[in-house]
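These notes concern the structure reproduced below.
Readers should treat all values here as calculations from the given coordinates under stated rules, not as data from a laboratory. All figures in this text were calculated on a predicted structure; none of them were measured in a lab. Neighbour counts run over all protein chains shown; Cβ positions are idealised from the backbone, glycine included.
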Amino acid sequence: MKHALAFLLFWMSSPLLAQTQPPNIVLIVADDLGYTDLSCYGHQRHRTPHIDSLARRGIRFTQAYAASPVCSPSRAALMTGKHPARLQLTNFLVGTRTDSLSPVDPAPWRPYLPASEITLAERLRTLGYQTGIVGKWHLGGVDSLAPWGQGFAFTRMIGRNGLDYYNYGIYEDSYKKEFRDKGQTYLTDKLTDYAVEFIGQADQKKPFFLYVPYSAPHILITPRADKLNKYLFNYNKWGEDYNPYYAAMLESLDDGVGRIVARLSELGLTENTLVIFTSDNGGVGLPELGPTPTNLAPLRKWKGHVYEGGIKVPLIMSWPGKMPQNQTCTNYLINTDFTPTLLELLGQPTPNLPDAKSFWPLLTNPATSLDRGAIFWHYPHFSNQMGRPAGAVRLGDWKLVENYETGQRELFNLARDIGETRDLSRSNRTKANELSTLLTNWRQEVGASMPVRKKPKS
């Protein structure tokens, strides 16, 4: 309580943003939304007017990354500011895929986020924030690992039938109370209902943090029927280069963002609310439990791979009156960076988070040159999307990918080759060796768990 009071007094006296109350923070995370899927990122078939409007009223980042190509590790990084490799949480919670023909088995890993880790919700709650989560948690199930044990006071967590957009269950603040749909309410809409409810019931005398990790557009690709017709009717007119069912799902997601933003406006909270929209990893670019959802071209590969299609994500941040509007930022960053950025925005000391770096200067001037330094990926598993055990590092315009099965290295210059089509590891051995050493040393520093070599058959 004393900490929260001291923070409020600091904020009221701070010339940084000169307002009477710390800002509300709404963090919206789509599930398996690809970098190229939004119309504000160049997609010609998908209709996302509300998210596009958010981009016009804020900053659109063109080189934002998830810390993992799959969901649970990425969400853990977002919540803690720590890399999944350091947390030993390197795969999605039920990931058990192996390959009998591979020389390695997946690395040992921890299938939950430990209760001892300090989440962003816990940090903000100590500062007097009201905290809420609506949607997909996917970081642990027992009470101490569930959202209500990890800093969230208001919890609406997807439970039963999490891949089904109908006939699902949502836990309300505990496992003792559950809403069960019987094929009547579309899941994306229900989550938006809860988000709007939280905003409406929040005490406006105190700031709030609302985390909305939607399940859309994750498979199963199940749109609302009334959203689908126009995409089917235009399918042949527009050219068969998109999935109409996926497009309709995105429209519902976009409607949800629009309703959340509208509710903030109705309550007069727009100018005191930072809205962040992003994705947990890349989109799905191959048939998985149905037709291929999306095409990530010109990026290489998709979810489950450490190439750009699996880790590059959209990121939009909007705070009218406090942040520049209709701006594009080309600096690269990774989602571990949210924690120190938000804490610096609030005038708080940066905790010891060696995997994270604040990008606060970019929120005041997106054209600022920010030296992020090296960022890393570590995925020592076999993904459901045919990804292989691999790691990667980016430093400046250079990126190195290492195959953990073979030891093969690939070097790319992303400024000249966003599609990672030209391997420069042989023509520029000096740069390849430099990045390879960086990646090796980093794995040792964080205690990264590596794939296990199989014993030769006798």
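Set the bar at 18 Å for Cα to Cα. Now go through LYS303/LYS431; LYS312/LYS399; LYS82/LYS357 and name every pair that lies beyond it. Intermediate results must be reported in sequence, preceding the final value.
Numbers: LYS303/LYS431 27 Å; LYS312/LYS399 13 Å; LYS82/LYS357 11 Å.
LYS303/LYS431, as the Cα separations exceed 18 Å there.
Among THR328, THR336, THR292, what is the fewest-to-most ranking by other Cβ atoms within 10 Å?
Going from sparsest to densest Cβ surroundings: THR328, THR292, THR336.
Given the DSSP H assignment, sum -39500 (n - 2.57) over each helix run of at least 4 residues in the chain and divide by its residue total; what's the result at 222 nm in deg cm²/dmol, nearest 500? Write out the running numbers ahead of the final one.
Details: 13 runs with 127 residues, N = 458.
For the chain, the value works out to -8000 deg cm²/dmol.
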Along the charge dipole of the chain, which of PRO213, ASN403, LEU127 sits closest to the positive end, that is, farthest toward it, with unit charges on the beta carbon of Lys, Arg, Asp and Glu (+1, +1, -1, -1)?
ASN403
Simple spin-label estimate for ASN433 and GLN44 in nanometres, 7 Å along Cα-Cβ
4.6 nm
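Just to confirm the filter: which trypsin sites (Lys or Arg not before Pro) across segment 98-187 are DSSP coil and have at most 11 other Cβ within 10 angstrom of their Cβ?
Numbers: sites: ARG123, ARG125, LYS136, ARG156, ARG160, LYS176, LYS177, ARG180, LYS182; in loops: LYS136, ARG160, LYS176, LYS177, LYS182.
Filter output for segment 98-187: LYS176, LYS177, LYS182.
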Of CYS40, PHE412, LEU54, whose Cα points farthest to the positive end of the dipole of the chain (charges on the beta-carbon: +1 Lys, Arg; -1 Asp, Glu; origin at the Cα centre)?
PHE412
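Counting only DSSP beta bridges with both residues in segment 24-367, tell me the antiparallel percent, nearest 5.
Values: 16 of 41 bridges.
If we restrict to bridges inside segment 24-367, about 40 percent are antiparallel.
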Say the dipole of segment 140-185 comes from +1 at the beta carbon of Lys and Arg and -1 at that of Asp and Glu; which of GLY169, GLY183, TRP148 then lies farthest toward its positive end?
GLY183
Segment 232-301 - Rg (one decimal) and Dmax (whole number), Cα, Å:
16.3, 45
So what is the relative contact order for segment 319-385, in percent, with contacts set as C-alpha pairs under 8 Å and at least six apart?
35 percent
Give me the distance between the Cα centres of segment 284-339 and segment 424-451, rounded to whole Å.
24 Å
Mean separation of Cα pairs under 8 Å and 6+ residues apart, divided by the residue count of segment 197-326: what relative contact order is that in percent?
21 percent
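Shape call for segment 24-367 from the C-alpha gyration tensor, a ≥ b ≥ c root eigenvalues: rounded (a/c under 1.5), prolate (a/b greater than b/c) or oblate? Kindly include the intermediate steps, with their values, before the conclusion.
On the way: a/c = 1.21, a/b = 1.10, b/c = 1.09.
Here segment 24-367 falls in the rounded category.
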If the only charges are +1 at each Lys and Arg Cβ and -1 at each Asp and Glu Cβ, what is the size of the charge dipole of the chain around the Cα centre, to the nearest 20 debye?
600 debye
Could you put ILE59, ILE311 in order, starting from the residue whose Cβ has the fewest other Cβ atoms within 10 Å?
ILE59, ILE311
A correct fewest-to-most ranking of ASP337, ASP164 by other Cβ atoms within 10 Å would be ASP164, ASP337
Tell me, how many Å apart are the Cα centres for segment 43-122 and for segment 170-202?
23 Å
So what is the relative contact order for segment 24-367, in percent, with contacts set as C-alpha pairs under 8 Å and at least six apart?
31 percent
